[in-house]
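Remarks on the structure that follows.
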């Protein structure tokens, strides 16, 4: 249970006059209701020093959601309304620090001195946005070649819980050359939290990192504040300091689970998979904070949505997929015994803005052709499973697929984009005739011919 | 005296207001929130209470705040200056707003109040007119924008005064009309109309018949849509709904495109903002943005305004239709609109229908689709609103309520397939599962026989049949094995693959392939069908696959070349040579 230190409470009491209520009418698992007047919607309050937020007002009956739960709350608890929505102090002092879901330091350091900003602020006017156009190079060909990322994009990893998504995400973050990396950890284990901390420290990147963490040891509903905290900090650096900010959100499935807990306790009618009917809007409000500002700053969001048994039709990944600009799938390729970025199910919607423009002109066709041939190999595999003979072409696609997987799809690749494209050409030339690849004749002439196995 | 009230309850964006006078359902009101006015709409009325949905975040709102009712429903402001504007869901001009972030209560005027327009009268003094009659026109971008008798005027009027040619501002009086009782009514270039009510100032709405060219082969050549028709595109995420919609916006043969970006990604709208001012409209030679109006209520904008946005867009489309123009209205995505309805219905604690959607969802959807159509105006001219909506089925399941309800309302069904998208066969429209009801309309068949080709519809049906047979052959091959079926199964399958690769698949990012004029589509279709009629002879099944791959490769090179150019013809003759290698009977190639 979270207790606030007195100094913090003092600082949160922004107005001089503070009425203390001591009569609660009704208490449920997550909420309490009391008579109070002049209260604003979504205003924060303290109930016996526990943080709470106004979720409903009916006449003078105010319902508060207590983030850490109502266990042990008496009907005569002290309720103090704070006169504002949840806030975060923003300044350059945030850099290198670790905070909890309320934006309070958990690294033993001092409070951050800065402007108090309400989290979950207004949306960017769409006509003021700039079209994202800066490529984010990660060195991983499964991403750079097939699913190129762009600043201002929002994209999740769809992964089963046993996959190394946090490792891949940390690797992407460190290679991405962002000015700031902001980690929003929701319901992550303490081990994972320490993993991130170590990786960032070892990379010497700690000054660029800001973390807001709610671990499995904390109450689940507190998680709901984490992404807004992280994104509010991101907006400060991107909009006011014109920096490129990368926000990592893991695990959004646990965030959505917390939403469903709240909506259930508020007696809302659940829609698909027991999720609240507003799940799409709730998730969109967060993901849409990804933006390229006209002044040069940007917010890029890379998230993790864990799946249960790879099921992407579940409401959480499904709604996420409709909001985000693509998704990255990890898969273990048994042929090469490594984890790869699945080329079929992964997609970066914004790649069209940079491939063939910021990268070599043959990039788009080479990418598509390789994936198509990889799909042919998958069909050939099905043939084997069904006990049929393979044609010569089938055999060649299968050899191609194995090498493609090893040299380009595996997540342990770290090469330049031009090298990735050249590697693909080499594989085409090794296994196929130009008619079989179907690439535009001019491109074969210009780029394909020189990339034989021996060059 | 306008009705006023006081806020007495707040549940997210549903606000309960104690009122002191009469209020009507769907009436617009403004909440006074610390000096900022928040727009809201009445969605339910209790004894003394009005339940209103606020088109803004209600954070910080307190009980006791004053509310003013306006006495009218949500209205669109209609007049010259709508073209190439970017509006929010309530038709506020996004470009006029200050700052990078949207501020609560920043309500900007949709039109340019001080801009001068060159007005030319069309009606004369003494003319008998009625709602929707053309009084005059101004040139807006390149469209002759008609100034009409306001749609809200009922009965017959006589033109008493009309301005001469000259420069006027939108709110200047341009005509005075006299009704049957001798009362005078001033008319300016601006009128207002409640968005949830269809504009019905046309004479007749026949069954649509006029082919609407989109340049997208899988639509035009297999599942054509008509001017004034309706269609919908359901598809799981990642199957290319948005790319397809953008292609329609760029290429479709329409005078004006109205886009309702309804609860979708902001970056997709930004793409339009960024690209359309640069892209040329091949029909007018002007920039695409000049024929486009965008209603942007992206997914992070207030949810109640999302519901309004599709109605605002439809009303604007109907307004321009009354000027005798061809409008294409695209809404991406209608599922987000349905979800907005669900959120409010849930907050009002209505009994839910399937998947917690409101019970009347199918009725709301079909009423909306019914507003599209081809019309004869009272002056004999024609106009049309063609509506294509996308649907984002939850979990990719086409049995969910929004898809089901839309299927009953829309006449064309463009089914995006996950399998096709996975194997990068774009556009991922499944030509066999998709349908166009217009192919059954005798009016349509007659029309395309005259304008496109006498055998156009026959060719479509033939191509579909080849695709179906190819699919069957493929299944057999998969069950029995490559050598377990007669060789001609492979041939049947590969002939369907030719249609797939040459007609269905289209590279939306290639300059030439992105848009195919109907002449070229016709040519390629004839070529592909002639090939399908050709009999080939193969020694064994292993020959079939590489042979047809060569054919497909040359066909694709043709698709990438300028129509009838040297290069195109070179590939064409290369194709002839390949066909000759294995063809049994020489078939004449047109």
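Where a number appears in this text, it was derived from the coordinates with a stated rule and is not lab data. Fair warning: this is a prediction, and the values are worked out from it, not measured in the lab. As a convention, Cβ positions derive from the backbone with ideal geometry for all residues, glycine included, and neighbour counts pool all protein chains shown.
Determine the shape class of the range B:485-590: with a ≥ b ≥ c the square roots of the Cα gyration tensor eigenvalues, call it rounded for a/c under 1.5, and otherwise prolate if a/b is greater than b/c, oblate otherwise. Prolate shape, in that a/c is at least 1.5 and a/b is the bigger ratio. Computing Rg and the Kirkwood Rh from the Cα coordinates of the range B:365-447 gives a ratio, Rg/Rh, of 1.05.
The fewest-to-most ranking of B:430, A:179 by surrounding Cβ atoms within 10 Å reads A:179, B:430. For the range B:117-189, the fraction of C-alpha pairs more than 16 angstrom apart is 40%.
Note on the range B:202-436: Kirkwood radius taken over Cα pairs, Stokes-Einstein applied at 25 °C and 0.890 mPa s, translational D equal to 137 µm² s⁻¹.
Rounded to the nearest 5, what % of the DSSP beta bridges within the protein assembly as shown are antiparallel ones? Counting only bridges with both partners in the protein assembly as shown, antiparallel ones make up about 65 percent.
Fewest-first ordering of B:185, B:246 by other beta carbons within 10 Å of each residue's beta carbon gives B:185, B:246.
In chain B, Rg over Rh equals 1.03, where Rg is the alpha-carbon radius of gyration and Rh the Kirkwood radius from pairwise Cα distances.
How far is the Cα center of the range B:151-212 from the Cα center of the range B:450-524, in Å? Taking the Cα centre of the range B:450-524 as reference, the centre of the range B:151-212 is 50 Å away.
Where does chain A land on the Kirkwood hydrodynamic radius, alpha-carbon pairs, in angstrom? Intermediate values should be presented prior to the final figure.
On the way: mean 1/r = 0.0417 Å⁻¹.
In chain A this quantity evaluates to 24.0 Å.
Largest first, the extents of the alpha carbon coordinates of the range B:433-536 on the three principal axes equal 46, 35, 26 Å.
Compared with the dominant principal axis of the Cα atoms in chain A, helix A:417-431 is inclined by about 40°. Tilt of helix B:241-251 relative to the longest C-alpha principal axis of chain B, in degrees (0 to 90, nearest 10)? With both axes taken from Cα atoms, the answer is about 90 degrees. Between the helical axis of B:266-275 and the longest alpha-carbon principal axis of chain B there is an angle of about 80 degrees. Classify the range A:363-448 as rounded, prolate or oblate, taking a ≥ b ≥ c as the square roots of the eigenvalues of its Cα gyration tensor: rounded when a/c is under 1.5, otherwise prolate if a/b is larger than b/c and oblate if not. Here the range A:363-448 falls in the oblate category. Could you estimate the translational diffusion coefficient of the range B:186-336 from the Stokes-Einstein equation, with Rh from the Kirkwood formula over C-alpha pairs, at 10 °C and 1.306 mPa s, in whole µm²/s? Using the Kirkwood radius from Cα pairs, D works out to 96 µm²/s.
Entry note: the range B:1-55 has Rg to Rh equal to 0.91, where both radii use alpha-carbon atoms and Rh is the Kirkwood radius. Give me the distance between the Cα centres of the range A:293-330 and the range B:258-274, rounded to whole Å. Comparing the Cα centres of the range A:293-330 and the range B:258-274, I get a distance of 19 Å. How far is the Cα center of the range A:174-240 from the Cα center of the range B:32-60, in Å? Between the Cα centres of the range A:174-240 and the range B:32-60 lies a distance of 37 Å.
Most exposed first by the Cβ proxy, i.e. fewest other Cβ within 10 Å, how do B:319, B:441 rank?
Result, fewest neighbours first: B:441, B:319.
Our summary gives chain B a relative contact order of 12 percent, counting only alpha carbon pairs under 8 angstrom and 6 or more residues apart.
Here, P(r) means the percent of Cα pairs in each 10 Å bin from 0 to the largest distance; for the protein assembly as shown it is 2, 10, 18, 22, 20, 14, 9, 4, 1, 0.
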